[in-house]
Amino acid sequence: MSLARKSTASVEQYKSNEISTVSQGRLIVMLYEGAIRFLNVAIENNTPRKYDVVNNNILKAQEIVTELMLALNMENGGEVANNLLGIYVYIKKRLLEANMKKDSEILSEIIKYLEDLKLAWEEIEKKEKTSSVVPMPSAGSRGTGLSLQG
């Protein structure tokens, strides 16, 4: 095996380990970061009219939004899950429109939504980390936990 193949395999193994060991909240933040990165690449390539690059990056962002939709726990997520689903459906619709029109303004609008959602999940992640330091409740008391299922 060549050094380049070993290096690539090592990087893939590292990425796989990183993803499998992060919290659910951090993984969601990473998905938002990826979608934002792809949409920024699409915007950057829209001006020189590299439409194949624009299209591919918008499609990658759409795939991430689909994964976020599939990750929703609609049974236990209640109103939060329903609201997120509505936002994701809207984002997917706008991504389709942006791709058809090659419209950077729509992409910028979507980035803003994704950045806001990312910030919200980062706050949830911070609260989750600080709450994990709190001692476990005694056997007689009922603890309340933060669920990221929604």
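The values are calculated or read from the model by the stated rules, or taken from the named source; none is laboratory data. Treat the numbers as computed from the prediction; the structure is a model and nothing was measured. Cβ coordinates were reconstructed from backbone atoms using ideal geometry, including for glycine residues, and neighbour counts include every protein chain displayed. To get the accessible areas, we keep the full protein, side chains included, count just its heavy atoms, and leave off ligands, DNA and RNA. Shrake-Rupley method; radii C 1.70, N 1.55, O 1.52, S 1.80 Å.
Points worth noting:
- Set THR66, THR8: member being modelled with pLDDT under 95 and surrounded by fewer than 17 Cβ atoms within 10 Å (Cβ to Cβ): THR8
- Of all residues in the stretch 82-119, those satisfying the criterion of being open to solvent by 20 Å² or more (accessible area, probe 1.4 Å) and of a type in the set (Ser, Thr, Tyr) are TYR90, SER104, SER108, TYR113.
- Scanning the stretch 36-59 for residues that are within 14 Å of LEU96 (Cα to Cα) and crowded, with 19+ Cβ neighbours inside 10 Å yields LEU39, ALA42, VAL54, ASN57, ILE58.
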